[in-house]
Amino acid sequence: MASPCVQRCEAKGDLCLGCGRTLSEIGRWSTMTEAEQLAIMATLTTRGLASPSPVVAVMPAPDDQPQSTHVCPGCGEPAYCAVSAGKGISECWCSQLPALPMSDAPVCWCEACLSKAILAETPV
């Protein structure tokens, strides 16, 4: 079972400062499906922690890749797609997440929007 836990558990409000998960997410972690866990892990990099766990980054772009290839159609923020950058799908951060049916969007969603869509599709 994948986990973003870095053994630096310290709660501030409803978040663990070590891994970035909410206390509710931590409590339910062992009963979640792999798809639910991966969707949450994909959102952790957008939660604004000072030092997020390296496990959380689904697939960071190497220094020689641009940080953005397009604008996310869901939120309007910059997004990166390895395929759009001429790379293979196995090099894209989204290849590690559960597949969703294709949308009518002209380009890929960002990690945060795709994670929300995965969570919405996952039965609880």
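What to note about this one:
- Selection from segment 9-26 of residues that are surrounded by 11 or more Cβ atoms within 10 Å (Cβ to Cβ) and part of a loop (DSSP other than H, G, I, E, B): Cys9, Leu17, Gly18, Cys19, Gly20, Arg21
- Top-ranked residue in segment 87-123 [being at pLDDT 80 or above and part of a loop (DSSP other than H, G, I, E, B); ranked as surrounded by the fewest Cβ atoms within 10 Å (Cβ to Cβ)]: Gly88
- Boolean, Val6 is in a loop (DSSP other than H, G, I, E, B), within 23 Å of Glu121 (Cα to Cα) and either β-branched (Val, Ile, Thr) or at pLDDT 85 or above (or both): no
- Here Leu23 clears all of (1) at pLDDT 85 or above; (2) within 23 Å of Ala117 (Cβ to Cβ) except the condition numbered (2).
- Residue check, Ala50 among the aliphatic types (A, V, I, L, M), exposed (fewer than 10 other Cβ atoms within 10 Å of the Cβ) and either part of a loop (DSSP other than H, G, I, E, B) or at pLDDT 55 or above (or both): yes
- Among residues of segment 6-40, those that are touching a residue at least 40 places away in the same chain (Cβ under 8 Å) and touching a helix residue (DSSP H, G or I) at 6+ places or on another chain (Cβ under 8 Å), counted: 5
The values are calculated or read from the model by the stated rules, or taken from the named source; none is laboratory data. Note that this is a predicted model, so its numbers are computed, not measured. Neighbour counts run over all protein chains shown; Cβ positions are idealised from the backbone, glycine included.
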